[in-house]
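Down below is the structure, laid out as C-alpha cells.
Where a number appears in this text, it was derived from the coordinates with a stated rule and is not lab data. In this text the structure is predicted, and so the values were computed from the model without any measurement. Here the Cβ positions follow ideal geometry from the backbone for every residue, glycine too, while neighbour counts run over all protein chains shown.
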Amino acid sequence: CEQQRIKEDVYTNTISLWSYINSQLDEFSNPFFVNYENHVLYPVASMSHLELWVNYYVRWNPRMRPQMPIHQNLKELLAIKAELQKRVEDLQREMATRTISSSSERGSSPTHSATPVHTSV
C-alpha cells in the first residue's frame, strides 16, 4: 500500500482540504464568533440543554425542509449592524457637539436653560 502511494506520488499530487478551506475563510467561519480573552466554555450536558442540530443531523430525512443557505443572510445582518453602529456613533458625536455649544451659550446668556439629553446603546 505504501509502495503504491510512493509510486503514484500521492504526497505531492494530493491537495489538502485545508488549503481550500483556508483560501475561503469567509465561507467557513462563523461571522458572529467573538474571541474573548481568557474565556472558558463550561459544557452543560443535561438533557434540557441539548439541542439537535437539525440542518446537519436530520438532513437525510426527506420530510425535513432542505438546508437554507444562511451565510448571505448573516453577512447582510452584519452589514446592517455596522451601519446602525456607525449611525449611533454619529448621533452621539452630534449630541456631544450640541451639548458643548449649548453650554457655551449658557455661559454667555444666563437666562437660557437647556435640558441635557441622555442616551444609552
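Shown in residue order for the range 75-86 are the 3J(HN,Hα) couplings computed by the Karplus curve 6.51 cos²θ - 1.76 cosθ + 1.60 at θ = phi - 60°: 4, 5, 5, 5, 5, 5, 4, 5, 4, 5, 5, 5 Hz (x for Gly and Pro).
Annotation: peptides 26-32, 40-46, 75-81, ranked by per-residue average of other Cβ atoms within 10 Å with the highest first, follow the order 75-81, 26-32, 40-46.
Ranked by the mean number of other Cβ atoms within 10 Å per residue, highest first, peptides 1-10, 85-94 order as 85-94, 1-10. Sequence-ordered 3J(HN,Hα) estimates for the range 95-101 from the Karplus curve with 6.51, -1.76 and 1.60 and θ = phi - 60° stand at 5, 5, 5, 5, 5, 5, 5 Hz, glycine and proline given as x.
3J(HN,Hα) along the range 30-44: 7, x, 9, 5, 10, 8, 8, 5, 6, 9, 10, 8, 9, x, 10 Hz, from the Karplus curve 6.51 cos²θ - 1.76 cosθ + 1.60 with θ = phi - 60°, whole Hz, x for Gly and Pro.
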